[in-house]
Amino acid sequence: MSRTDAIRAVEAAIRQEAREALPGLIGELERLKAEAQARLFAGESDDALLTADEAAEVLRLSPATLYRNADRYPFARREGRLVRFSRRGVQEYVRRQG
């Protein structure tokens, strides 16, 4: 499928989805956007974006705590409702904490 065909399919899905289903569709589009951005910038540095589960494991916190306090962490990156965490930022934070 070409990129144009994929975009047309998404446009059709937006027009055809029930209004109640649109928030879920928007969430999926945000996830795909973040994934594309992560791939785009992955080759530019040794940093990567971690999920809340991955970052929580390193920080020894719960994913819920990370989401709830994301605005307090300088290594949190928001893409709409989606939150990812800079691996390099998490590592630096851990280094400074202890």
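The values are calculated or read from the model by the stated rules, or taken from the named source; none is laboratory data. Just so it is clear, the model here is predicted, and its values are computed rather than measured. With ideal geometry, Cβ positions are generated from the backbone for all residues, glycine too; neighbour counts draw on all protein chains shown. These area figures cover heavy atoms from the full protein model, side chains too; ligands, DNA and RNA do not enter into them. Shrake-Rupley method; radii C 1.70, N 1.55, O 1.52, S 1.80 Å.
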>> Among the residues in the range 42-56, are any modelled with pLDDT under 90 and either among the β-branched types (Val, Ile, Thr) or part of a helix (DSSP H, G or I) (or both)?
In response: yes
>> So if I check each of Arg8, Arg78, Arg84, Arg68, which one is under 14 Å from the mean Cα position of the chain (by Cα), of a type in the set (D, E, K, R) and at pLDDT 90 or above?
In response: Arg84
>> List the residue pairs whose Cβ atoms are under 8 Å apart, where the first residue sits in the range 62-79 and is in a helix (DSSP H, G or I), the second is open to solvent by 30 Å² or more (accessible area, probe 1.4 Å) and of a type in the set (D, E, K, R), and the two are 6 or more positions apart or on different chains.
In response: Pro63/Asp53; Ala70/Arg78
> Restricting attention to the range 80-92, which residues are open to solvent by 100 Å² or more (accessible area, probe 1.4 Å) and not in a helix (DSSP H, G or I)?
Replying inline: Arg81
